[in-house]
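Q: Below are the structure tokens for one structure; questions will follow.
The values are calculated or read from the model by the stated rules, or taken from the named source; none is laboratory data. In this text, all values refer to a predicted model and were calculated from it rather than measured experimentally. Cβ atoms come from the backbone with ideal geometry, glycine included; neighbour counts cover every protein chain shown. Surface accessibility is based on the protein's heavy atoms, side chains included, excluding ligands, DNA and RNA. Shrake-Rupley method; radii C 1.70, N 1.55, O 1.52, S 1.80 Å.
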Amino acid sequence: MKLPPRSDIVKPDATVLAVAAATALLTALVLWLLVSLTSREEQRMEAFGGAAARALAELAVQPVMRQDRMHLGVIANRLAELPEIRGVASYSSDNQLLTTTGDVQGPHHTQPVTADDSVVGYVRVALEPQAFAVSHPARTAALLGALLVIPFAVAVAWSVMRAARAGHIGPLLPQRRRGRAADAARTAAAEDTEELPDAPDPPPLMRHYLLAVNLYNQLTLPPTEREFELSLCAELAEAVAEIYQGQVVNLPGVGILVDFDHTGDEDRAFQVVCGAFLLARLLRDEAPFGTYRLGLNLIENPADEALPLNHEAVADAALLSALAKDLFLTVSGPCFDALQGPERLQARPLHNPLLDQLSTSDAGCYLVTELEPSCAGLIVQQAEQLRSQREAISNPSTF
């Protein structure tokens, strides 16, 4: 079949094909270099493995010195729950295996455990390489599209330029411009006559201050002592929630969760921090077996929706509680930013590689260790009042 004269636009000659092929090769080389330079999977795995091994070595100093295999197993199990970690192992100073969790073969990082500049043991963290093999389907599709489109565009542009020089496509351009102008005029007229419906108002948001109270040593407690501690913790949390306006629920595998309401008070975040320290003081004075750690997170949720226990913000509060010190409070970045007058408390930045696992907060979290004297005195008074009320209920008058 013989093509009409205007089809010369899409019928490239050998020169055009050669240019297109050279462009395709050059594009492929550039894209390969781009992908190679932007691939950071190995760097991410190296940084994460080193940080996790150092953090584990810091946590394992006392258990390794005492060769407390149960405590080491608890720490290893918690760390091995991360998808990036395949296995965790700990060793004594003479390379005797103390505990192992998962598979410690393959890529791993070994860190010495030191106490007073002396090596008392070693820890090993094995990584899961597939967790760091990030897939970029959108980027891959874009690169393949560029590899196909760029040579084709060069070939078409070359052909159009050659046809324009020969005078084949000159008469078509004014007609196409007139067509586009008419389409634009019709579109503008339609937009002027069409009335858009009003967009619905977004639902109002309500703040949730989520305090996770972590019974940190529950795996080492006998069942009766563990049940007693969880019951006592819930009872004390209910007393604090009644003062500071919150709701208490059980948090399986962790302990207790207190959801403090947002009252509209500008100082509400600091009030919740005071409530957390009141609960910590009550637990310190009355809990005989438990070791508790507290984490506080802040999330905004639609006011007409309930916040489920499997929400990411609840999981972040539980993770913050696991990273806190005994009876201290770890506060997420959004919650710390909401504090009015942060000079009323003593806090320091919290550094831990596990903070990268947070979903509703960045890694800028803080460990609050103390309140100013006037606030601390108020906490002591409230604790004494609650203790007196509890004793009066447990010991009714005989008159």
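Q: Check which residues have an amide H placed less than 5 Å from Val120's amide H, if you skip close sequence neighbours.
A: For Val120, whose amide H was placed from the backbone, the distant partners under 5 Å are Val113, Thr114, Ala115.
Q: Carbon and sulfur together cover what percent of the accessible area of the range 235-356 at a 1.4 Å probe radius?
A: Ligands and nucleic acids excluded, carbon and sulfur reach 48 percent.
Q: Please report the net charge: other residues with Cβ closer than 13 Å to the Cβ of Phe228, K and R +1, D and E -1.
A: Computed value for this residue: -4.
Q: Taking Cα centroids, how far is the range 331-398 from the range 83-125 in Å?
A: That distance is 34 Å.
Q: Give the long-range amide H neighbours of Arg86: residues separated by 5 or more places, or on another chain, with amide H under 5 Å away, using H modelled in the peptide plane at 1.01 Å from N.
A: Ala126, Leu127, Glu128
Q: Please list, in chain and number order, the residues 5+ apart from Gln247 or on another chain whose amide H is under 5 Å from its amide H, with Hs placed from the backbone.
A: Excluding prolines and chain starts, which carry no amide H, the hits are Asp259, Phe260, Asp261.
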